[in-house]
1. Check segment 387-398 and report whether any residue there is within 16 Å of Ile278 (Cβ to Cβ) and out of contact with any helix residue (DSSP H, G or I) (no Cβ under 7 Å at 6 or more places or on another chain).
2. Return the only residue of Ser217, Ser130, Ser143, Ser193 being open to solvent by 40 Å² or more (accessible area, probe 1.4 Å) and among the small types (Gly, Ala, Ser).
3. Filter segment 436-451 down to the residues that are more than 17 Å from Gly401 (Cα to Cα) and either open to solvent by less than 40 Å² (accessible area, probe 1.4 Å) or touching a residue at least 40 places away in the same chain (Cβ under 8 Å) (or both) and list them by number.
4. Just the residues that are over 40 Å from the mean Cα position of the chain (by Cα) and open to solvent by 30 Å² or more (accessible area, probe 1.4 Å), please, taken from segment 98-116.
5. With a cut-off of at least 2 residues that are surrounded by 24 or more Cβ atoms within 10 Å (Cβ to Cβ) and within 13 Å of the chain's Cα centre (by Cα), name the strands (runs of 3 or more DSSP E) lying wholly within segment 224-295.
6. Take Ser592 and decide whether it is surrounded by 13 or more Cβ atoms within 10 Å (Cβ to Cβ), at pLDDT below 95, of a type in the set (Ser, Thr, Tyr) and over 50 Å from the mean Cα position of the chain (by Cα).
7. Test Glu378 against the stated conditions and say whether it is more than 19 Å from Gly401 (Cβ to Cβ) and either surrounded by 17 or more Cβ atoms within 10 Å (Cβ to Cβ) or not hydroxyl-bearing (Ser, Thr, Tyr) (or both).
8. Output the number of the condition that Lys62 fails; it satisfies all remaining conditions of (1) at negative phi; (2) open to solvent by less than 30 Å² (accessible area, probe 1.4 Å).
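The values are calculated or read from the model by the stated rules, or taken from the named source; none is laboratory data. Computed from a predicted structure; not experimentally measured. Glycine gets a Cβ as well: all are built from the backbone with ideal geometry, and neighbour counts include every protein chain shown. Keep in mind that these areas ignore ligands, DNA and RNA; they rest on the heavy atoms of the full protein, side chains included. Shrake-Rupley method; radii C 1.70, N 1.55, O 1.52, S 1.80 Å.
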Amino acid sequence: MILLKGKRIFVLIAVFTLLILISGSASSATLYVKEGGGTGSYENLQEAVNAASEGDIILVGKGQYSENVLVNKSLEISSTNHNPEKTVITALDPEAPVFHIVSDSVKISGFSIKGANSTYGIYLDGVSGSNITNNYFSGNWRSIVLNNSHGNILKNNRLESSDNGIWLESSERNLIKDNKAKSNRHYGFYLNSSENNTLQNNCASEGAVGIYLEDSSGCRISGSKTLNNFYGIYLTGSGESLLEKNTANSNEMYGIYLGNSNGSILRGNKANSNHWGIYLDSSFNILQKNKMSRNSRNFGAYTYHYTGEMNNSIDTSNKVDGKSIYYLSGVSDLTIDSNSSAGVVYCINCENITLKDLGLENSSFGVYLYNSQNSLLEGCSISNCEHGVYLGNCSMTALRGNDVNSNEGNAFILSSCRNCPVEDNSASNNMAGIWLCDTSTDNVLKENTVSSSSWCCVDLGDTSCNNTLEGNILSEAYEGIYLYGSSEENTLNNNTITASSYGLYTEGCGNNTISGNRILGNNIGISLNLNWTDGTGSDFNIIYNNYLNNSRNAEDFGTNSWNISKIAGVNIAGGPYLGGNLWVSPQGNGFSETASDGDGDMISDLPYNVTEANCDYLPLISGKTAEDFENVSGKRCRRNR
């Protein structure tokens, strides 16, 4: 019994001794650094770091220090007065970091850190558990850099007048909070291949990009502000991220952009007075309660050549200038009219949708329909968008009686569309009026009025064949009608084209029929050209019964027919036969105005040489004055809507 008690006492003494040793080893020393040195202090930081033990505290007095410090121990390094402007550390070697941290659990606080203009202010190199707080950075290449560093905290730092603010490479689960990046030339906050980081209550202003995530999925950006940058918040390849209650204002391009960042959530963000408010090039995203206002383009999703998934959940709680975003996916049998207060409409994989009497403006597209069938857009007014109406891979969808004016790009785009009637629409002051592209076939463009386009009024390209253009009034453009890219077997009939550089211009397009058109007051009426990329000719077009009164009526660089066989029928000059074209001039001395007609059939006795290689063998004789034609062709009543 006495032996057992002795053993117990021995064990207790050993444990007590061990606790004393542990307690003694856990205590930390405090080392002091003072400018110029002095009793009980070090003259520079590196000396103090070298002398310190793990867990020690280094306090740095106010002053100006010129150093590059390697921190290879777990230390707490801070200024004595916690005012960064009083304790300034400038890189002795501008090509080495001011602080290079290679040990875990380092704390640095209260310094001005500058002068690393070829490298980094603070470099966390493969470490975790470190805190960088309450510092001021300026004049560095990158102010704070994390490389392969996880679980660190960067808080309440100011990052100014450098190339970049905070930069993460292959670093995860870090907290970046309450930092302010201002006037950095490139990025305020940059994350590359850095997943599951949290950026909270940060501000980035007056730089190229406020917050940029590249291949950095699963990050959370909340309560942050991006102001007066070129881009505000920009994500690429960074899906499954959360953007919540951020503010993106007055950025030159995008307020918030998601590119290939699928499965992300945008909730309660505000984007005001940017060029684009929120723009998506991603799918399977959720948008709720976001507000966009006073942006040139409030909301945008996808370009007119985008072919990826477009399945997003975007409800009407998202607002553009106070109006709702309607983003419909897989919806059928629905009407959206003026009572809906719609600000922009997207229909993806929809059927039998009617959009009627809507007023839409200030977005990338007023209306965007993709892979949608048997639908109608009627009586809508769309203005001040990047593009007015987009139809992609649609069929049996009608555009009727809409006014689409003053948009930056195209009024109407039909891409890979079939059997879509475009009738009685008005388009003015757009870059282009109606554009058929990407093999759009069997569409009818009828009785539309298109004017004041800086490019062209109607554009058929990319093998858009077997379309009909009839009864359209086209004026004041570089080209009234432009055909390119092997767009063949189209019918251009009874259109009026005026006041343009070219009335009709083709590049490498053949087998089209051009008849009954009034082409007048243009620099060149009809110009048939080679394809500028592969030299394909504009051949085998049939051009007849057109009224041509232009500074130069025609040029033909292919092999084409400028007349049909003489057949009975009232021609464009009022004569009894169809054959060639009516060739008039603004001076009143055109071929058809001066040619002889011995047999009185109102067809010239002699052919008209269009070019050296092409002739109109049956040119018409004018039975009316040019003024008669212009008065008739310039008037057409629009149907009441």
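1. No, segment 387-398 has no match at all.
2. Every option except Ser193 fails the conditions.
3. Leu436, Cys437, Asp438, Ser440, Thr441
4. Matches in segment 98-116: Val102, Asp104, Ser105, Lys107.
5. In segment 224-295, 231-236, 254-259, 276-281 are the strands (runs of 3 or more DSSP E) which contain 2 or more residues that are surrounded by 24 or more Cβ atoms within 10 Å (Cβ to Cβ) and within 13 Å of the chain's Cα centre (by Cα).
6. Judged against the criteria, Ser592 is not a match.
7. no
8. Going through the list (1) at negative phi; (2) open to solvent by less than 30 Å² (accessible area, probe 1.4 Å), Lys62 breaks only (2).
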